[in-house]
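Single-structure report; data block below.
The values are calculated or read from the model by the stated rules, or taken from the named source; none is laboratory data. Since we're looking at a predicted model, the values are computed, not measured. Neighbour counts are summed over all protein chains in view; Cβ atoms, including those assigned to glycine, are modelled from backbone coordinates with ideal geometry.
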Amino acid sequence: MLNQLAANILTQTPLLQQRIMQQCELNDHDVMSLFTELLKYLEVNAKSSQKRTPSIVVDDAWHEFILFTKLYAQHCHQHYGKFIHHRPGGTSQENQQQYMNTIKDIVNTFGTFNAAYWPIPCWMSLEAQCGSCD
């Protein structure tokens, strides 16, 4: 279902697809997969009473989606009943925990996540992999 929603949004808004492809250096197929992961993130973010942190690449795609303000606002209200605000910040420890909670929420809600877009946790890598890590 989310795959089809992602395809519909990107097909109806080719400039959004193009911008994500350029920003994230992806091909058409990978943009669809990434956008599906973004929609998963937005859904678990909308349902959580706690802040959730995306991976860097999901965050980059989110930034591009937000730039299409009318489309993004309509999507949020139609699918989540509210506008999902982008709230960067927090300490490294908070962001690490939020990132892990995001992955857990995605697995609990959807049964799986795409590891290509949700890399290993920040503190297990020399290079930060989540969107809010310092």
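Quick look at the numbers
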read-out: Residues of region 1-21 classified as modelled with pLDDT under 95 and surrounded by 14 or more Cβ atoms within 10 Å (Cβ to Cβ), total; value: 1
read-out: Residue that is surrounded by the fewest Cβ atoms within 10 Å (Cβ to Cβ), among those in region 60-88 that are among the charged types (D, E, K, R) and not in a helix (DSSP H, G or I); value: Lys82
read-out: Residue ID - nearest to Met100 (Cα to Cα), chosen from residues in region 1-59 that are outside any helix (DSSP H, G or I) and basic (Lys, Arg); value: Arg52
read-out: Subset of region 22-51 (residues that are buried (at least 16 other Cβ atoms within 10 Å of the Cβ) and touching an Asp or Glu at 6+ places or on another chain (Cβ under 7 Å)); value: Cys24, Val44
read-out: Failed condition for Gln129, given (1) surrounded by 14 or more Cβ atoms within 10 Å (Cβ to Cβ); (2) at pLDDT 85 or above; value: (2)
read-out: Every residue from region 111-123 that is crowded, with 17+ Cβ neighbours inside 10 Å and out of contact with any strand residue (DSSP E or B) (no Cβ under 8 Å at 6 or more places or on another chain); value: Phe113
